[in-house]
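Okay, so here's the structure we're looking at.
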Amino acid sequence: SQKIEQNSEALNIQEGKTATLTCNYTNYSPAYLQWYRQDPGRGPVFLLLIRENEKEKRKERLKVTFDTTLKQSLFHITASQPADSATYLCAFLGSNMLTFGGGTRLMVKP
Amino acid sequence: SQTIHQWPATLVQPVGSPLSLECTVEGTSNPNLYWYRQAAGRGLQLLFYSVGIGQISSEVPQNLSASRPQDRQFILSSKKLLLSDSGFYLCAWSGEDTGELFFGEGSRLTVL
């Protein structure tokens, strides 16, 4: 069965640096991947979607890439800020529903 | 605009007691509706999803059940809670096409 994996260890970076989070999947490439942000005690919030035929998608300081050869999506936050600290989840659509990775917690230190 | 409401936000229940979590969506019709559970420090686990009134699909066998009595209402229930039912329960809806999910604020359940 399809699995989606994210680094379970927290990522700690300094303010102003670029944060890069990884999402890996097994087996077939999904039609698209989604990225969500989740703050403690809150529901996830949709950030970006990238389709299988797109290599890169940008939104303000966010950038997502999709490499079907590596079976991997990278999520970048440039010029990171302490307010970017949260857990970031990737997800893909498989048989009518989204399957989520375990999420990676990002901590941006001032 | 569309909104999703979920309640109660927090509840503490004894083992063996019943449960009812309610979720309603406004501003859209015939949404796909979902219940997810998130254990502490873990990812989202899909429990149930519904594509229409009375249509419920279960992803994980357990002592929970779901119902959709109206188009924009989704209810998660249990007759007898277990300790393992503790967690953060999230309701979500999606439209067509890309399946982007819109989540409610969540309900934190602690079973003692």
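The values are calculated or read from the model by the stated rules, or taken from the named source; none is laboratory data. What you see is a predicted model, and the numbers here were worked out from it, not measured in a lab. Here the Cβ is made from the backbone with ideal geometry for all residues, glycine too, and neighbour counts use every protein chain on show. Side chains are part of the model used for accessible areas, which takes the heavy atoms of the whole protein and leaves out ligands, DNA and RNA. Shrake-Rupley method; radii C 1.70, N 1.55, O 1.52, S 1.80 Å.
For the reader, a short list of remarks on this structure follows.
- The largest-to-smallest principal axis extents of the Cα set in chain A are 41, 28, 21 Å.
- Summed buried accessible area for A+B [probe radius 1.4 Å, Å², rounded to 100]: 1500
- Mean-position separation - Cα centroids, the stretch A:1-23 and the stretch B:26-98, in angstrom: 27
- Other residues with beta-carbon under 13 Å from the beta-carbon of residue A:12 carry, at +1 per Lys or Arg and -1 per Asp or Glu, a net charge of 0.
- If a spin label sat at a point 7 angstrom from the Cα of residue A:45 along the line to its beta carbon, the backbone N atoms of the stretch B:1-40 nearer than 16 Å would be those of B:2-4.
- Using a probe of 1.4 Å, the accessible surface attributed to residue B:75 totals some 30 Å² when neighbouring protein chains are kept in position.
- Accessible area of the protein assembly as shown belonging to carbon and sulfur atoms, whole % at 1.4 Å probe: 49
- Taking a ≥ b ≥ c as the square roots of the eigenvalues of the Cα gyration tensor, an a/c ratio of 1.5 or more together with a/b larger than b/c marks the protein assembly as shown as prolate.
- Note on the protein assembly as shown: Lys pairs 8 or more places apart or on different chains, Cα atoms under 16 Å apart, count 5.
- The listed residues B:77, B:20, B:94, once ranked by accessible area (1.4 Å probe) with the largest placed first, stand as B:20, B:77, B:94.
- Convex hull of the stretch B:3-111 built on C-alpha atoms - directionally averaged projected area, nm²: 6.3
- Computed E for residue B:2/residue B:70 - FRET, C-beta separation, R0 22 angstrom, nearest 0.05: 0.85
- Most positive-pole-ward Cα, B:46, B:65, B:92, against dipole of chain B from beta carbon charges: B:65
- Nearest-10 value in Å² for the accessible area of residue A:78, using the 1.4 Å probe: 60
- Coil-residue trypsin sites (Lys or Arg not before Pro) of the stretch B:45-107, DSSP, other Cβ within 10 Å capped at 13: B:79, B:80
- When chain B is treated as a GNM with alpha-carbon contacts under 10 Å, the residue of B:92, B:39, B:66 showing the greatest mean-square fluctuation is B:39.
- As a length-normalised measure over Cα pairs under 8 Å and 6 or more apart, the relative contact order of chain A settles at 36 percent.
- Residue B:24 accessible area, assembled protein chains, probe 1.4 Å, Å²: 30
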